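The values are calculated or read from the model by the stated rules, or taken from the named source; none is laboratory data. Source: prediction; values computed, not measured. Methodologically, a virtual Cβ is constructed for each residue, glycine included, from the backbone with ideal geometry; neighbour enumeration extends over all protein chains shown.
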Amino acid sequence: MGSPSQQVFWFASQALGIIAMLLLAVAVSLGLAMSGRVIRRPGLPARLKHFHEASTLVTLGLIAGHGGLLLLDGYLRPGLAGITLPFALSYRPLFTGLGVIAGWLALILGLSFYVRKRIGTRTWRSLHRFTIVVYLLALTHAVGAGTHGQSVWMLALLAGLTAPIVFAFTYRVLPASVAPRALSG
Amino acid sequence: MTDQASTNPPATRRRRPQLYRTLLGVAVAALLAAWLPFSLLYINALTKHAVAVATAGAGARVVNVASRHATHIAAPITTRTSAGVTLP
């Protein structure tokens, strides 16, 4: 081992994980911005809704690719249980376990949109609020489990992705009468 | 109400292709974007590997000169190091 050519799947998995994190941040930011009515331009929310839905679906695909490519890594050899069961992987079990939980939660919460008529819009909305938990779990996973998780560039990237989410989340949870003043002042 | 009933189906029909187009666009963009971290990680590993091999080679040459042996096989690299973190 040691030759980079033998670690292609490991690097590909990491790359997909990074892009999944990026797109998850975009999806969460957009969702919060739309629900908090941060974006008010007429006609824009409909287009953003498409982008929110599309980025969520692509994120789910990237998460599947992130885990799936690890199966092909001859060094880690996580096995199907390692990438699907929380805390089953011997490599940094806590942080990889949190990543697995984040993946499953993302799948459940993301796809719940398509059964919202069956489960009821109110239930779906309540479930959808937990998306922020997915982001926090993914963030913890990226910092703790990623081999570059504590690199300056990775921390800077994650901080850059998290900042708009913190802003949109704060704006969303602030009472309606406080939010505009908080923004203008 | 009648107007709404007559305009809703085309709007719904229009929604799907728009969504598919956006989906395809985001998917292609994401896969293209993934090349950047992949290339950086790969180049970083190549550089580290080259340095490790060179260091091992230099170490081996020192050992060879000291012991006056003609050949020395450098120990293989058995750990995967990335940004200072060694994997199992």
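Below, the figures for the structure above:
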item	result
B:Ala56 being at the interface with another protein chain (Cβ under 9 Å from one of its Cβ atoms) and in a helix (DSSP H, G or I)	no
Single residue of region A:69-104 satisfying the filter (in a helix (DSSP H, G or I), without any contact (Cβ under 8 Å) to a residue 40 or more places away in the chain and within 14 Å of chain B (Cβ to nearest Cβ)) that is surrounded by the most Cβ atoms within 10 Å (Cβ to Cβ)	A:Gly82
Scope region A:34-49; condition at pLDDT 80 or above and more than 17 Å from A:His128 (Cβ to Cβ); matching residues	A:Arg47
Flag for A:Gln7 being at the interface with chain B (Cβ under 9 Å from one of its Cβ atoms), surrounded by 21 or more Cβ atoms within 10 Å (Cβ to Cβ) and touching a strand residue (DSSP E or B) at 6+ places or on another chain (Cβ under 7 Å)	yes
Matching residues in region A:144-165 - criterion: being part of a helix (DSSP H, G or I), within 14 Å of chain B (Cβ to nearest Cβ) and either without any contact (Cβ under 8 Å) to a residue 40 or more places away in the chain or surrounded by 19 or more Cβ atoms within 10 Å (Cβ to Cβ) (or both)	A:Ala145, A:Val152, A:Trp153, A:Met154, A:Leu155, A:Ala156, A:Leu158, A:Leu161
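The rows are residues; the columns are (1) modelled with pLDDT under 55; (2) touching a strand residue (DSSP E or B) at 6+ places or on another chain (Cβ under 7 Å); (3) surrounded by 11 or more Cβ atoms within 10 Å (Cβ to Cβ); (4) away from chain A (no Cβ under 14 Å).
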| position | (1), (2), (3), (4) |
| --- | --- |
| B:Phe38 | no, no, yes, no |
| B:Asn44 | no, no, yes, no |
| B:Ile73 | yes, no, no, yes |
| B:Thr81 | yes, no, yes, no |
